[in-house]
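Worksheet: the structure to be examined is printed underneath.
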Amino acid sequence: MVVAPEHPSLHAAVVQAASEEAQWDEQLLLLRISQERAGLWVQGLGRWGSADAASGAPGFHTSANGVMAGADKDVAPGALAGVSVAYVDDQVWQGGAGMGSVQTGRLQLYGVRELGLATLSASFGGAYDQIDVERSAAPPIS
């Protein structure tokens, strides 16, 4: 007998949380770049959120915490280059449907260059995500 999960949308909620976490890391890195201070830095990370049920899919709650650290250096007048590493643990709960987690390690290279009135910034990196999902199953019908 095969028992199907009651709410197969849990995996989608976990993937959405992982996607939001990647965007969050990038926003924090862009904030660091805008500060244009060369040196070592460490930033604690934490966020909480939820999504309401919609179109038949149940809502979910998420919380994440982690740390991002890096080093950057002035490489020329008006130019900064650096490297950052991050680790984030993201937890997702979906009512009685179950829970999931995403552990992410990330490495990024970044830089910023002042060009008169304009500023050019860029980053390049990669991540490793470990995703675990535990679903509740509906009891079999007799």
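The values are calculated or read from the model by the stated rules, or taken from the named source; none is laboratory data. The structure presented is a predicted model; accordingly, all values stated were derived computationally and were not measured. Heads up, the Cβs are rebuilt from the backbone with ideal geometry, glycines too, and the neighbour counts pull from every protein chain shown. Side chains included, ligands, DNA and RNA excluded: accessible areas come from the protein's heavy atoms. Shrake-Rupley method; radii C 1.70, N 1.55, O 1.52, S 1.80 Å.
Overview of results
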quantity	calculated
Restricting the range 107-118 to residues that are touching a strand residue (DSSP E or B) at 6+ places or on another chain (Cβ under 6 Å) and either open to solvent by 40 Å² or more (accessible area, probe 1.4 Å) or not in a strand (DSSP E or B) (or both), the residue that is nearest to residue 15 (Cα to Cα)	107
Extreme residue, modelled with the highest pLDDT, among residues of the range 80-95 that are over 13 Å from residue 70 (Cα atoms) and open to solvent by less than 10 Å² (accessible area, probe 1.4 Å)	88
Boolean, residue 106 is within 17 Å of residue 21 (Cβ to Cβ) and basic (Lys, Arg)	yes
Condition check for residue 4: exposed (fewer than 15 other Cβ atoms within 10 Å of the Cβ) and modelled with pLDDT under 75	yes
Within the range 31-49, considering residues that are over 19 Å from residue 104 (Cα atoms) and of a type in the set (A, V, I, L, M, F, W, C), the one least open to solvent (accessible area, probe 1.4 Å)	33
Pair list, Cβ < 7 Å and 6+ apart or interchain, from the range 83-112 residues that are basic (Lys, Arg) to residues that are in a strand (DSSP E or B)	106/85; 106/86; 106/125; 106/127
Identity of the residue in the range 50-78, aliphatic (A, V, I, L, M) and at pLDDT 90 or above, that ends up least open to solvent (accessible area, probe 1.4 Å)	68
